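The values are calculated or read from the model by the stated rules, or taken from the named source; none is laboratory data. Note that the structure is a prediction, hence the values are computed from the model and not measured. Cβ coordinates were reconstructed from backbone atoms using ideal geometry, including for glycine residues, and neighbour counts include every protein chain displayed.
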Amino acid sequence: MTAQPTVSVAADRRSTVVLLHSLGTDSRLWRHQVAHLEHNHHVVAPDSNGHGRTPLTGTVTVGGWVDDLHRLVSTCGPVHLVGLSMGGIQALAYAATHPGNVSSVIAANTFARLPREAAADRVQSASTAIEATGMAAYATRYLEETLTRRVDDADYTNLVSAIGSMSAAAYLASAKATFFADVTADLAAITSPTLVVIGDSDLKVPMERTQTILDNVAGSTLASIPAAGHLSCVENPSSFNDVVTEFIARVDDTSREPVGR
Ligand SMILES: O=C(O)CCC(=O)CC(=O)O
């Protein structure tokens, strides 16, 4: 993951929000959130290893994502981490290993672990489809299977471009790391305030997968985005933005409360 800050991080009271995209997408997944959050926050939206403008380097693993994220977060201090699906796994793993650098976690449309058979099926089905048709056709098929409603034309174009222009090797390496990730043991180590977000019609990550996160991260709470599937931040950006900004504001207010009052 390469740091591509969309704003420079200055020494003021605005907190920093890092937005971690899902498998196959890139930092453009977050265009509505960047536009909304940057009024009151420093916003950083990196492209994960092998995605967007970040070339594939080495083997894609959860540990590698954590190291990449640490290089970025070390430059901008404690951050609010917002991750969707693959990005949610990255956020949870980072928060467990570097608690002092994480003001809060928002884990959207994500899971701690898939059953091994389901993980193998997902990797195999992506691999077969990509081998048969190539990444451009796979991008269209992925969006047909994943989006539950029409999104802005600009978002649709960005999604097709992000997935369609990835190399098959980078996509499949990231798919393996995502679907075979197991951050279950990390969850109990997360001490930052954590919000778990679902889309009310997510066809990719059912509630039972998300429930593990709620059950194991102490004090975590749930928010459901109405009229949204797996890519909830583009399917219902205004509701997603409301949920995220309200949670971050609450965490920031609490951390700024003078001690002893
Ligand atoms: O391709 C799928 O089956 C869903 C993708 C997924 O769950 C991982 C992600 O969106 O990051």
**Report entry** Considering residues of the stretch 121-136 that are among the hydrophobic types (A, V, I, L, M, F, W, C) and away from the ligand (no atom under 12 Å from the Cβ) only, the residue surrounded by the most Cβ atoms within 10 Å (Cβ to Cβ)
**Finding:** Met135
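Taking the stated definitions as given, is Leu214 among the hydrophobic types (A, V, I, L, M, F, W, C) and part of a strand (DSSP E or B)?
Taking the combined requirement at face value, the residue does not satisfy it.
Table: residues versus (1) within 25 Å of Thr54 (Cβ to Cβ); (2) within 16 Å of the ligand (Cβ to nearest atom); (3) crowded, with 20+ Cβ neighbours inside 10 Å; (4) at pLDDT below 95.
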{"residue": "Ser161", "(1), (2), (3), (4)": "yes, no, no, no"}
{"residue": "Lys176", "(1), (2), (3), (4)": "yes, yes, no, no"}
{"residue": "Thr210", "(1), (2), (3), (4)": "no, yes, yes, no"}
{"residue": "Asp215", "(1), (2), (3), (4)": "no, no, no, no"}
{"residue": "Ile225", "(1), (2), (3), (4)": "no, yes, yes, no"}
{"residue": "Asp242", "(1), (2), (3), (4)": "no, no, no, no"}
Query - Filter result (touching a strand residue (DSSP E or B) at 6+ places or on another chain (Cβ under 9 Å), outside any helix (DSSP H, G or I) and of a type in the set (A, V, I, L, M)) within the stretch 107-157 - result: Ala107, Ala108, Ala112, Leu114
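Looking at the stretch 189-207 only, could you name the residues that are in contact (Cβ under 8 Å) with a residue 60 or more places away in the chain and either touching a strand residue (DSSP E or B) at 6+ places or on another chain (Cβ under 8 Å) or more than 16 Å from the ligand (Cβ to nearest atom) (or both)? It would help to see each step written out before you state the result.
So in the stretch 189-207, the residues in contact (Cβ under 8 Å) with a residue 60 or more places away in the chain come out as 189-199, 202, 204-205.
Listed by number, the residues that qualify are Ala189, Ile190, Thr191, Ser192, Pro193, Thr194, Leu195, Val196, Val197, Ile198, Gly199, Val205.
Can you tell me which of Gly83, Gly100, Gly88 is assigned to a helix (DSSP H, G or I), within 16 Å of the ligand (Cβ to nearest atom) and either more than 13 Å from the chain's Cα centre (by Cα) or not hydroxyl-bearing (Ser, Thr, Tyr) (or both)?
After ruling out the rest, the residue left standing is Gly88.
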